[in-house]
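These notes concern the structure reproduced below.
The values are calculated or read from the model by the stated rules, or taken from the named source; none is laboratory data. Just so you know, these numbers come straight off a predicted model, no measurement behind them. Here the Cβ is made from the backbone with ideal geometry for all residues, glycine too, and neighbour counts use every protein chain on show. With ligands, DNA and RNA removed, areas are computed over all heavy atoms of the protein, side chains included. Shrake-Rupley method; radii C 1.70, N 1.55, O 1.52, S 1.80 Å.
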Amino acid sequence: MIEADTRPGRLIFVTGGARSGKSRFAEGLAAGSGLPVTYLATAQALDGEMADRIARHRADRPAGWLTVEEPVHLRAALQDVQTPVVLIDCLSLWVSNLLLADWTEDHLASATADLLDAALSRPGLSIVVTNEVGLGIVPDNALARRYRDVLGRANQACAASSHEAWLLVSGLPLKLRG
């Protein structure tokens, strides 16, 4: 397993496609630190299938990890974290939650900058997981295109601010930075 640099104020960015292994990889980085971990989850159980996914994710986490579920106000939740390691899973669902709550793109960009500021100024390691959604075909509807574009900009900001960045493809990690 790859070990994470756990120096204070560190940000690790983990991206990849759906079912690429990014969450498992990020969880391995967090667990490999040997330090207490807070899992900051952004998913909402809006239907039965998503409720099942959330239940599986909860069951897969180590018993000693603290879980905080916050679909919208990530900066505030991150500022309340007391553990030396926090894993945010995932930025893609957070962006979706904000778009569906009618946040403007400017407000979302500001919220992303605030989240990054909180991650980089906290005394511990922050790991951010997100989907890469820009590698496929151009979506056929305006909301999907807007989501792809807004998430792409949020991902770029996170990657640019990160100390380490990883791309997961078919379960294999490719180090992009750090």
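Among all residue pairs at least 6 apart or on different chains, which show Cβ distances below 8 Å where the first residue, located in the stretch 56-68, is closer than 13 Å to ARG24 by Cα and the second is among the acidic types (Asp, Glu)?
So the pair list comes out as HIS57/ASP89; ASP60/GLU27; ARG61/GLU27.
Pull out all pairs, ordered by first then second residue, where Cβ-Cβ is under 7 Å, the residues are six or more apart or on different chains, the first lies in the stretch 18-34 and is more than 11 Å from GLY171 (Cβ to Cβ), and the second is buried (at least 16 other Cβ atoms within 10 Å of the Cβ) and of a type in the set (Gly, Ala, Ser).
LEU29/ALA4; GLY32/ALA4; SER33/ALA4
Would you check which residues across the stretch 116-130 are buried (at least 24 other Cβ atoms within 10 Å of the Cβ) and of a type in the set (A, V, I, L, M) and list them?
Listed by number, the residues that qualify are ALA119, LEU125, ILE127, VAL128, VAL129.
State which residue pairs qualify: first residue in contact (Cβ under 8 Å) with a residue 24 or more places away in the chain and closer than 15 Å to GLY17 by Cα and inside the stretch 155-178, second residue part of a helix (DSSP H, G or I) and open to solvent by less than 40 Å² (accessible area, probe 1.4 Å) in any location, beta carbons under 6 Å apart, and separation of 6 or more residues or different chains.
Qualifying pairs under 6 Å: ALA165/ALA159; LEU168/LYS22; LEU168/PHE25; PRO173/PHE25.
Name every residue in the stretch 134-174 that is at pLDDT 95 or above, outside any helix (DSSP H, G or I) and either of a type in the set (A, V, I, L, M, F, W, C) or within 23 Å of LEU115 (Cα to Cα) (or both), in order of residue number.
Those that are at pLDDT 95 or above, outside any helix (DSSP H, G or I) and either of a type in the set (A, V, I, L, M, F, W, C) or within 23 Å of LEU115 (Cα to Cα) (or both): SER162, HIS163, GLU164, ALA165, TRP166, LEU167, LEU168, VAL169, LEU172, LEU174.
Of the residues GLY136, GLY152, which is open to solvent by less than 70 Å² (accessible area, probe 1.4 Å), small (Gly, Ala, Ser) and over 26 Å from ARG10 (Cα atoms)?
On the way: GLY152 fails: over 26 Å from ARG10 (Cα atoms).
None of the other options fit; the residue is GLY136.
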